[in-house]
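So the structure is just underneath, and the comments pick up after that.
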Amino acid sequence: MLAGLLLSSGGHSETAPIPYDYQLKTVYLFKFTEYIEWPGRPAEALRLCFWEQNPFPEATSAARSAWNGRRKINLFVVSPQDVTNRCDLLYVPEGRDIARDKLAGFAVTGTLMVGEGTGFLESGGMIRFVNVGQAVAFDINLPALRKANLGVSSALLRVARHVEGQ
């Protein structure tokens, strides 16, 4: 599933290599857009937002350059004060807490919420990254996806480590 999008440091020899887990998480974020259906949204471009900061800007820049998916992906950083910024996919990095009511607000607008950390799915998140050794896996909260009226491909459900509500 992920082999088609290879990430590198983009030839920036003066910068440190991009950590492998950042590369994997970035690939997943971009690939999720191919397996999630946003009813009533234009198919040509999506807004990938990061809560308060983009923890891996080099990886997302490299992925964006290499991306040849069916949709253009535009990157944004949103803050608690800027919750009106319409996101199609919101990534909440580890250590960046977001209140449950804010997550619910994003869910109402049909935003796919991806994050990390214990309690993310229980707070209404939809996909949670989990580091498993040197690999990155993900868990899916199917009821939260359904509540946000987002369609999810059975192919994505099959490769998830765990699917709640299935």
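General remarks:
- For the peptides 55-62, 134-141, 110-117, the ranking by mean Cβ contacts within 10 Å, running from highest to lowest, is 110-117, 55-62, 134-141.
- Fully extending the segment from residue 146 to residue 41 would add 36.2 nm, taking 0.36 nm per residue of separation and subtracting the current Cα-Cα distance.
No lab work stands behind these numbers, since they all come straight from the coordinates. No experiment lies behind these values; they were computed from the predicted model shown. Heads up, the Cβs are rebuilt from the backbone with ideal geometry, glycines too, and the neighbour counts pull from every protein chain shown.
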